[in-house]
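The values are calculated or read from the model by the stated rules, or taken from the named source; none is laboratory data. Predicted model, so just to flag it, every value in this text is computed and none were measured. Methodologically, a virtual Cβ is constructed for each residue, glycine included, from the backbone with ideal geometry; neighbour enumeration extends over all protein chains shown. Remember, those area values only see protein heavy atoms, side chains included, never the ligands or the DNA or RNA. Shrake-Rupley method; radii C 1.70, N 1.55, O 1.52, S 1.80 Å.
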Amino acid sequence: MQANPIHFTKTRIAPTPSGYLHLGNALSFALTAALARKSGAKVLLRIDDLDQQRVNLNYVQDIFDTLNFLNITRDEGPRDINDYKANWSQLHRMELYKDALKQLADHGVVFACQCSRAQLQDGIYPGTCRNRSIPLDTPETAWRLITDEKELTVKTLNKGIIKARLPDTLKDFVVKKKDGFPAYQLASVIDDLHFGVDLVVRGEDLYPSTIAQLYLADVLDLVVFKNTIFHHHPLVMEGSDKKLSKSAGVTSIKYVREQGNTAADVYEEIGQMLGVEGLRSFENIITQL
Ligand SMILES: [Zn+2]
């Protein structure tokens, strides 16, 4: 039988520089690199730095150090901190995000919200400001999308086509934060379109985000994004293996590296998470996909 003739143009590795990367990130990066190799896709490094209060340049450096340590090469994206700051920070794409936000405002599908986190009910927004008609240009005010129960189509690599609705926790989700910056869901959609990403590999914990992003794409009529293929992978199980970890929980790759472990040691641990014996590099994962 012929190998599966899947082909993609581009995928991305999109870490947030708000902490040192851990084994869960390594698993996600390795799967992304392996799927890219298998499908002919280029790999873009996108550093998600819109949460400016949490961005730390040590963590940006850690992204480069970790990818280099794991031998994961990129075809596009920043080469180092200076290149990142000069050319690739999301701050350079603010106009794109603002255009999308303006479209949402013009369509009348967003409303201003002044609620605090404490006003959510079990993490669900109760629609408090929906009919308060707070002007959109009010300072320190978030924008929320008016959402309903419409059915969306999620195209996945491993589970085929899934019909889904927005989960309650993302009802009227935020598209513009109180600090004026675009929210993650909006920036992620706009970036993936901007860079021509057609394969998104991410952890299962981000499945609700996939639905929110498809919802936004539907509202903004971004047909290309609606054809993105998603692959949601299992998360690292806490305590699944203690070979590299001193204790249960999250272990940074930086720590693992500084303890004298090699990339092959990390891949071996990733292999155990995936149930694959003797993994030594991300290329070894390809035969398992
Ligand atoms: Zn509100």
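Residues of the range 106-126 that are under 26 Å from the mean Cα position of the chain (by Cα) and outside any loop (DSSP other than H, G, I, E, B): V110, F111, A112, C113, R117, A118, Q121, I124. The one condition from (1) over 16 Å from A105 (Cβ atoms); (2) without any contact (Cβ under 8 Å) to a residue 40 or more places away in the chain that D168 does not meet is (2).
For the range 127-180, the set of residues classified as open to solvent by less than 60 Å² (accessible area, probe 1.4 Å), in a loop (DSSP other than H, G, I, E, B) and within 15 Å of the ligand (Cβ to nearest atom) consists of G127, C129, I134, L136, T138, T141, T147, D172, F173, K177, listed by residue number.
Look at (1) out of contact with any strand residue (DSSP E or B) (no Cβ under 7 Å at 6 or more places or on another chain); (2) within 16 Å of the ligand (Cβ to nearest atom); (3) within 19 Å of D221 (Cβ to Cβ) and you find that H107 fails only one, number (2).
Let's see how each residue does on (1) without any contact (Cβ under 8 Å) to a residue 12 or more places away in the chain; (2) in a strand (DSSP E or B); (3) open to solvent by 50 Å² or more (accessible area, probe 1.4 Å):
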| residue | (1), (2), (3) |
| --- | --- |
| T11 | no, yes, no |
| L35 | no, no, no |
| K38 | no, no, yes |
| V55 | no, no, no |
| T66 | no, no, no |
| R74 | no, no, no |
| Y84 | no, no, no |
| D99 | yes, no, yes |
| L104 | no, no, no |
